[in-house]
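Colleague: Submitted below is the structure of interest, expressed as structure tokens.
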């Protein structure tokens with residue numbers, strides 16, 4: 001199914017998810033799998049291969065004007081469409097989490113969850129995304145950009161690590177949409193040029209969430225990622241050519257940090 005090329009919606013009831021295997025896409029697929037396990041809430045999905053720019057086609061942008069995944073369509077609510085991961089998490093729990101298994105009743109905890117979701121949406125995701133771009137995909141090596149965005153990603157994950165030093169989860173000491181919002185980005189942290197082992201509280205949190213069956217299922221929609229932390233370490237161990245290129249990339253990042261006098265500091 002991950003090789004399909006959608007040309008429009010295919011369901012007529014329930015939630016339909018349009019997504020790809022990215023940190024933002026995982027927010028929706030993990031949440032939907034959690035709702036399926038907790039309440040029996042079924043959903044359908046279609047793969048939106050962002051490398052083929054399907055998310056820019058008119059039928060898609062009619063549903064998600066920003067031309068980005070994920071988008072959900074609630075066929076049981078007149079085909080109501082929701083774009084952006086934060087908004088999708090809020091919508092799904094507001095409408096389909098009556099027992100607040102993944103959300104909150106207490107207004108202060110509601111606010112705390114909103115704060116961490118906004119923090120991810122405005123900070124961790126954009127900064128780590130830029131680190132990925134300038135470390136791996138830019139047509140030219142730009143040392144300032146490499147150290148700037150890798151360093152800012154380190155600063156931000158340091159904030160998470162500190163928040164988790166005496167708790168298992170970010171808000172109310174329970175697994176929630178606040179955790180789901182950031183989990184996908186932490187799940188590809190190694191491929192972003194950041195050493196997850198340097199943040200032990202965060203690593204334990206990541207392992208705790210990764211062990212959830214619904215999370216495993218959500219990470220497989222529409223197909224498993226080749227840049228998750230686990231896949232990255234496996235490839236490093238099995239592919240010597242890849243490992244050598246990764247060591248060279250790490251060296252370039254360290255040289256960029258030295259060139260601009262970077263020093264880790266968080267917050």
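Colleague: Checking the conditions here, which among 215, 188, 221 is within 30 Å of residue 4 (Cα to Cα), assigned by TED's automatic domain parsing to the domain that holds residue 146, in contact with a strand residue (DSSP E or B) (Cβ under 6 Å, 6 or more places away or on another chain) and in contact (Cβ under 8 Å) with a residue 24 or more places away in the chain?
Modeller: Unique residue meeting the criteria: 221.
Colleague: Now a separate question. List every residue pair whose Cβ atoms sit under 6 Å apart, with the two residues 6 or more apart in sequence or on different chains, where the first one lies in the range 104-122 and is in a helix (DSSP H, G or I) and the second, anywhere, is modelled with pLDDT under 95.
Modeller: From residues that are in a helix (DSSP H, G or I), there are no pairs.
Colleague: Looking at this structure, is residue 87 in the same structural domain as residue 32 (by TED's automatic domain parsing), within 19 Å of residue 184 (Cα to Cα) and under 17 Å from the mean Cα position of the chain (by Cα)?
Modeller: So residue 87 fits the description; yes.
Colleague: Here's something else I'd like to know. Among the residues that make up the range 208-222, is at least one of them under 20 Å from residue 193 (Cβ atoms) and either touching a helix residue (DSSP H, G or I) at 6+ places or on another chain (Cβ under 6 Å) or surrounded by 13 or more Cβ atoms within 10 Å (Cβ to Cβ) (or both)?
Modeller: The answer is no, given that none of the residues of the range 208-222 is under 20 Å from residue 193 (Cβ atoms) and either touching a helix residue (DSSP H, G or I) at 6+ places or on another chain (Cβ under 6 Å) or surrounded by 13 or more Cβ atoms within 10 Å (Cβ to Cβ) (or both).
Colleague: Of all residues being surrounded by 11 or more Cβ atoms within 10 Å (Cβ to Cβ) and touching a helix residue (DSSP H, G or I) at 6+ places or on another chain (Cβ under 6 Å) in the range 247-267, which is farthest from residue 147 (Cα to Cα)? Just the residue, please.
Modeller: Ranking the qualifying residues of the range 247-267, first place goes to 266.
Colleague: Now a separate question. Considering only residues that are within 13 Å of the chain's Cα centre (by Cα) and assigned to a loop (DSSP other than H, G, I, E, B), which ones fall in the range 177-219?
Modeller: 187, 188, 189
Colleague: Then there is this: Looking at residue 21 and the list (1) part of a loop (DSSP other than H, G, I, E, B); (2) in contact with a helix residue (DSSP H, G or I) (Cβ under 9 Å, 6 or more places away or on another chain); (3) surrounded by fewer than 22 Cβ atoms within 10 Å (Cβ to Cβ), which single condition is not satisfied?
Modeller: Unmet condition: (3).
Colleague: So, residue 8, is that one modelled with pLDDT of 95 or more and either more than 23 Å from residue 223 (Cβ to Cβ) or touching a helix residue (DSSP H, G or I) at 6+ places or on another chain (Cβ under 7 Å) (or both) or not?
Modeller: Taking the combined requirement at face value, the residue satisfies it.
Colleague: Is at least one residue of the range 225-236 touching a strand residue (DSSP E or B) at 6+ places or on another chain (Cβ under 8 Å), surrounded by 16 or more Cβ atoms within 10 Å (Cβ to Cβ), under 18 Å from residue 70 (Cβ atoms) and not assigned by TED's automatic domain parsing to the domain that holds residue 23?
Modeller: The answer is no; no qualifying residue exists.
Colleague: Tell me, which residue of the range 134-167 that is over 16 Å from residue 256 (Cβ atoms) and in contact with a helix residue (DSSP H, G or I) (Cβ under 7 Å, 6 or more places away or on another chain) is surrounded by the most Cβ atoms within 10 Å (Cβ to Cβ)?
Modeller: 157
Every residue, every condition in (1) in a helix (DSSP H, G or I); (2) on the phi > 0 side of the Ramachandran plot; (3) touching a residue at least 12 places away in the same chain (Cβ under 8 Å), yes or no:
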site	(1), (2), (3)
46	no, no, yes
55	yes, no, yes
67	no, yes, yes
82	no, no, no
87	yes, no, no
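Colleague: Which one of these is out of contact with any strand residue (DSSP E or B) (no Cβ under 8 Å at 6 or more places or on another chain) and either surrounded by fewer than 20 Cβ atoms within 10 Å (Cβ to Cβ) or not assigned by TED's automatic domain parsing to the domain that holds residue 218 (or both): 64, 51, 79?
Modeller: From the options 64, 51, 79, the qualifying one is 51.
The values are calculated or read from the model by the stated rules, or taken from the named source; none is laboratory data. What you are looking at is a predicted structure, and each value in this text was computed from that prediction instead of being measured. A quick note on method: Cβ atoms are made from the backbone with ideal geometry, for glycine too, and the neighbour counts reach across all protein chains shown.
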